[in-house]
Amino acid sequence: MIPPQPAANPAAADAPRPYRSVLYIPGANERALDKAATLACDAIIFDLEDAVAPEEKPAARAMVAEKLRTVDYGRRARIVRVNALDTAWGRDDCLAMAEVNCDAILIPKVSRPEHVEAVAVLMPDVPLWAMMETAVVAWHAANIAAHPRIQGFVVGTNDLAKDIGARYRPDREPLLTAISMCLLAGKAYGRIVIDGVYNAFKDDEGLRRECDQGRDMGFDGKTLIHPAQIAIANEIFAPSEAEIDLARRQIAAYAEAEKARKGVAVVDGKIVEKLHVVAAGRTLAKAEALAGL
């Protein structure tokens, strides 16, 4: 049973903070942690989980906590991916990150809302994000999105492909059902939803193609594994000049139609209704937020 839909998340709607480029940084790599403060990404995932060897996890936790206390990461959203609570490190990760200046905690290996609630109890004041990386989490995506502490989803396409036994294809068709389930659930509850990584970090054409696909599907941005991928993600997940121009003209035309007591307007030979004006407003709000960076 899916719970009643709560009010849309303000972080995803009223205050359109950009999440075009969300860069993973290994928590044990001090040089990368320092460099991240100079990069043009919109958000950083300080990774204490997959990117850190077991023997390095306590030291990585301490290093990330220290960097978050002392390094100015500017406008970049600071998201920490902790280890799962059923590991030897997860609880200590959560307790340590509850004491530092981070914008969100990314919970790995989520399957059900109970996994979110367990972290929420340990971290009562920090927004929570969920990794969507298994078949079961895609199946329960709506219930997880409905949790009042969830602010965003990150789709883990590598783990998702492994879990369902999918083969890699440039069009990602074998993954689209599971990806879409996560995306639809997140958007239904006003959450931020970020697409998975593109592994070939030297393949600009492939990255551009996958960013285009993700943007067309409705993702807010893309997770990245290398700084060289930032510029392409920032470009594609931002409104284009043509989109901004169209949005302005749609809003203006609809305003004129309302003055004339008409229910619709016409722009470029296409009907413009209230729903188009709402979408146009979102486009302009995002453009304005990016212009202020």
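The values are calculated or read from the model by the stated rules, or taken from the named source; none is laboratory data. This is a predicted model, so every value here is computed, not measured. Because the Cβ atoms are built from the backbone with ideal geometry, glycine has one as well, and the counts that use them run over all protein chains shown.
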Can you name every residue in segment 13-61 that is assigned to a loop (DSSP other than H, G, I, E, B), farther than 23 Å from Asp92 by Cα and of a type outside the set (Phe, Trp, Tyr)? Ala13, Asp14, Ala15, Pro16, Arg17, Pro18, Arg20, Leu39, Ala40, Cys41, Asp42
Which of the following residues is modelled with pLDDT under 95, within 25 Å of Val155 (Cα to Cα) and not hydrophobic (A, V, I, L, M, F, W, C): Arg112, Arg91? Arg112
From the options Val110, Val100, Val64, residue that is without any contact (Cβ under 8 Å) to a residue 40 or more places away in the chain, in a helix (DSSP H, G or I) and among the β-branched types (Val, Ile, Thr): Val64
Among (1) free of Cβ contacts under 8 Å to residues at least 24 places away in the same chain; (2) aromatic (Phe, Trp, Tyr); (3) closer than 20 Å to Arg112 by Cβ, which single condition is Tyr189 missing? (1)
Just wondering, is there one or more residues in segment 59-75 that are closer than 27 Å to Cys41 by Cα, in contact with an Asp or Glu (Cβ under 7 Å, 6 or more places away or on another chain) and hydroxyl-bearing (Ser, Thr, Tyr)? no
For the structure I just gave you, tell me whether Asp203 is free of Cβ contacts under 8 Å to residues at least 12 places away in the same chain and farther than 16 Å from Leu290 by Cβ. yes
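Yes or no, residue by residue, for (1) of a type in the set (A, V, I, L, M); (2) closer than 30 Å to Ala104 by Cα:
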residue	(1), (2)
Ile194	yes, yes
Ala200	yes, yes
Asp212	no, yes
Arg215	no, yes
Thr223	no, yes
Glu243	no, no
Ile271	yes, no
Ala285	yes, yes
Which of the residues spanning segment 98-126 are over 20 Å from Ala28 (Cα atoms), surrounded by fewer than 19 Cβ atoms within 10 Å (Cβ to Cβ) and not hydrophobic (A, V, I, L, M, F, W, C)? Ser111, Arg112, Glu114, Glu117, Pro124, Asp125
If I ask for residues that are surrounded by 13 or more Cβ atoms within 10 Å (Cβ to Cβ) and either over 26 Å from Leu207 (Cβ atoms) or of a type in the set (Asp, Glu) (or both), which ones from segment 231-245 would you list? Glu235, Glu243
So which strands (runs of 3 or more DSSP E) are wholly in segment 122-197 and hold at least 1 residues that are of a type in the set (S, T, N, Q)? 150-155
Do we have Ile107 as among the β-branched types (Val, Ile, Thr) and closer than 26 Å to Ala231 by Cβ here? no
Taking the condition of being loosely packed, with under 14 Cβ neighbours inside 10 Å and either of a type outside the set (A, V, I, L, M) or outside any helix (DSSP H, G or I) (or both), how many residues in segment 72-97 meet it? 5
Is it the case that Glu99 is out of contact with any helix residue (DSSP H, G or I) (no Cβ under 6 Å at 6 or more places or on another chain) and modelled with pLDDT of 95 or more? no
Tell me which strands (runs of 3 or more DSSP E) are completely within segment 201-274 and hold 1 or more residues being more than 15 Å from the chain's Cα centre (by Cα) and over 22 Å from Lys187 (Cβ atoms), or say none if there are none. 265-267, 270-272
